[in-house]
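Report on one structure; see the data block that follows.
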Amino acid sequence: MSRVAVVTGGSRGIGAAISKALRAAGCKVAATYAGNDDAANAFKKESGIPVYKWDVSNTEASAAGLKQVEADLGPIEILVNNAGITRDSAFHRMTAEQWHAVINTNLNSLFNMTRPVIEGMRARKFGRIINISSINGQKGQFGQTNYSAAKAGDLGFTKALAQESAKLGITVNAICPGYIATEMVMAVSQEVREKSIIPQIAVGRLGEAEEIARCVVFLASDEAGFITGSTLSANGGQYMT
């Protein structure tokens, strides 16, 4: 699979696993990040994958960044919208800043990243767009009205764009991870993980970032050309739709 792929939030956590898996599958990968220079440079040194710094919630910065990636690597054929943040709070205490920060990064970024590349994909009659949503976009989550709204919006974006793009060889799909053993989840105390989180998961364990990455590699492949507008739930049976 020798294609150019961009992974937003691609230098840490699930994004880093996705970047590495696409590279292993033969892609030329660009990993974007927002602000953690030390983590990004360590990832670049370890993986050999180039990193690009910009804020995906910024329309102009995204267009400029994608233009640079195409100048460096070639036309973008695979886009993985993975970047996301949390600003958790019960809604009656939530600030406008908390709301807009999450909506801008987790939902508006899909427009900012996809709009600059969709015309090229349409012209070449090939594209793979994969949006990393969340189990909490499917079922909602206490204290995450902003996050759940954004991640549910990602699913609507996926289904609508899939319909517009299908006849042009472009597939658009979403993946909804459950609890994955990333740095953020592992920062939760072991007692809370074992007593409150894992008992909800039918398979009895946290997921691994590499398991989400394998889902992405499949949906990005030529072999997945008949799958579009779909939501792949990778949550160990915690929530079944």
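Laboratory data are not the source of any read-out in this text; all were calculated from the coordinates shown. Since the structure is predicted, the reported quantities are computational estimates derived from the model, not experimental observations. Positions of Cβ are generated from backbone atoms using ideal geometry, with glycine treated the same way; all protein chains shown enter the neighbour counts.
Quick notes
- Gain upon complete extension [Thr59, Ser89; 0.36 nm per residue less C-alpha separation]: 8.1 nm
- Extension gain for Ala224 to Ala24 (0.36 nm times residue separation, less C-alpha to C-alpha distance): 70.2 nm.
- To the nearest ten degrees, helix 13-24 and the longest principal axis of the Cα atoms of the chain are 30 degrees apart.
- Rounded to the nearest 500, the 222 nm mean residue ellipticity of the chain from helices alone is -13500 deg cm²/dmol, with -39,500 (n - 2.57) taken per DSSP H run of at least 4 residues.
- Sorted by Cβ density within 10 Å, fewest first, the residues Glu211, Glu191: Glu191, Glu211
- Coupling constants for the stretch 225-237 follow from the phi torsions by the Karplus curve (6.51 cos²θ - 1.76 cosθ + 1.60, θ = phi - 60°), and in residue order they are x, 9, 10, 8, x, 9, 10, 9, 8, 10, 10, x, x Hz; glycine and proline get x.
- Debye log10 I(q)/I(0) for the chain, one point scatterer per Cα, at q = 0.07, 0.09, 0.12, 0.13 Å⁻¹: -0.21, -0.35, -0.64, -0.76
- Ranked list, fewest to most other Cβ atoms within 10 Å of each Cβ, for Ser89, Ser133: Ser89, Ser133
- Between 0 and 90 degrees, the angle of helix 37-47 with respect to the longest Cα principal axis of the chain falls at about 60 degrees.
- Gain on full stretching of the segment that runs from Glu164 to Ala181 - 0.36 nm per residue minus C-alpha separation: 2.6 nm
- Taking label points 7 Å from Cα along the Cα-to-Cβ direction, Asp38 and Ala71 give a separation of 3.1 nm.
- Ranked list, fewest to most other Cβ atoms within 10 Å of each Cβ, for Lys125, Lys139: Lys125, Lys139
- Between amide H atoms placed 1.01 Å from N, distances below 5 Å from Arg3 occur with Cys27, Lys28, all of them 5 or more places distant or on a separate chain.
- Helix 109-124 axis, angle to the chain major axis (alpha carbon atoms, nearest 10°): 30 degrees
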